[in-house]
Amino acid sequence: MMNPIELKKAVGSGLLSFPVTHFDDQLKFDEAKYRRHVEWLAGYDAAALFAAGGTGEFFSLNPSEIPEVVKAAKASAGKTPIISGTGYGTSLAIEIAQAAEKAGADGLLLLPPYLMFAEQAGLIAHVKAVCQSVGIGVIVYNRDNAILTADSIARLTEECPNLIGFKDGVGDVDKVIEITTRLGDRLVYVGGMPTHEVYAQAYFAAGVTTYSSAVFNFVPALAQRFYGALRTGDQATVDEILKSFFFPFVALRNRKKGYAVSIIKAGLQVLGQKPGPVRPPLTDLTPEELALLEKIVRANGVERIAAE
């Protein structure tokens, strides 16, 4: 496992992604297919992979399944760091975090707690408790009912040496600029909006120069090409890929709630892979929507890969 400083450096070095979690027809974790998928993704130079993250259906996994997913990812990812999701209430988040650390996770992504909105003091206590329960690096995810202020993040960086990253899924770029300006290189900053590529240019200007790419799951070469164009200022390529792939992709994703996850598994399906269905309460794409997604993928020169 990496120490927190090594993980921070790795996360900031390039594009990130979070593999889908493969299920069989009975919605059980399909370890063999998951391992093959992680191994395939690791060959496209991801800076780190998030196992059992949001796109990996963390919210539908039994807590006992999460270390199984982490172990499978670690066994297949080579030198690519594996960051495990954790979350829910503080006690359960600690239990999951410690199990993930024992399973070999290099770090943790702390997802918002279940359901409740809370005051800043409560959120600080929650993040601090999780950080202090493990020795590996922690990235806190600002999103939905867990939105920490710049003051709160600053306090946590003083009290939690292993808090190494801040991921934003809110979209208030002015708040992100305040955090990145105040804390500088104390943290690594990760973009975490759904299909973050359409927000990436604004976030780059705010000092957030990496992000987690969901589409990396099924178009990793295209995702890296887009990221490379952003980093080098190749605006023509950025605009081309936004228009030909990301804008139509987002329009399809926005058809129904929960499709931010479902459409990624569908992307693997149009490539000839079998990631299995999403678990309820999510729903899979309809055959008509699947055909539209395949049209978008084919229009960008992505071919089917060998069937599993």
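A short reminder: the numbers here are calculations on the coordinates, not readings from a lab. The structure presented is a predicted model; accordingly, all values stated were derived computationally and were not measured. Cβ coordinates were reconstructed from backbone atoms using ideal geometry, including for glycine residues, and neighbour counts include every protein chain displayed.
Panel values: the chain, Kirkwood radius from alpha carbon pairs, Stokes-Einstein at 4 °C and 1.567 mPa s, translational diffusion coefficient 67 µm²/s. Relative to the longest principal axis of the Cα atoms of the chain, helix 287-299 runs at roughly 90 degrees.
Bridges between two residues of the chain, per DSSP, are antiparallel at a rate of about 5%. Which lysines does Lys295 reach when only Cα atoms under 23 Å apart count, and residues fewer than 8 places away in its own chain are ignored? Cross-link targets: Lys243, Lys256, Lys257, Lys265, Lys274. Each of Phe59, Ala97, Phe249 was scored by the projection of its Cα onto the charge dipole of the chain, and the greatest displacement toward the positive side belongs to Phe249; charges sit on the C-beta of Lys, Arg, Asp and Glu. For Glu158 and Arg186, the difference between the fully extended length at 0.36 nm per residue and the C-alpha to C-alpha distance is 9.1 nm. Phi angles across region 223-236 convert, under the Karplus curve 6.51 cos²θ - 1.76 cosθ + 1.60 with θ = phi - 60°, into 3J(HN,Hα) values of 4, 5, 4, 5, 4, x, 5, 4, 5, 9, x, 7, 5, 4 Hz, Gly and Pro given as x. Each peptide in 36-44, 257-265 gets a packing score, the mean of other Cβ atoms within 10 Å over its residues, and the list from highest to lowest is 257-265, 36-44. In the calculated pair-distance distribution of region 189-290, the portion above 22 angstrom amounts to 31 percent of the Cα-Cα pairs. Near the amide H of Tyr211, within less than 5 Å, lie the amide hydrogens of Leu16, Gly191, all on another chain or at least 5 residues away, with H placed in the peptide plane.
At full extension, Trp40 and Asp24 could sit 3.8 nm farther apart than now, given 0.36 nm per residue minus the alpha carbon distance. In order along region 138-153, the phi-based Karplus estimate (6.51 cos²θ - 1.76 cosθ + 1.60, θ = phi - 60°) of 3J(HN,Hα) comes to 10, 10, 8, 9, 7, 6, 6, 9, 9, 10, 8, 7, 4, 4, 5, 5 Hz; Gly and Pro are listed as x.
Relative contact order for the chain: 18 percent, from Cα pairs under 8 Å spaced at least 6 residues apart, divided by residue count. Highest average first, the peptides 241-254, 134-147 ordered by how many other beta carbon atoms sit within 10 Å of their residues are 134-147, 241-254. For Gly137, the residues whose modelled amide H falls within less than 5 Å of its own, excluding neighbours fewer than 5 places apart on the same chain, are Leu108.
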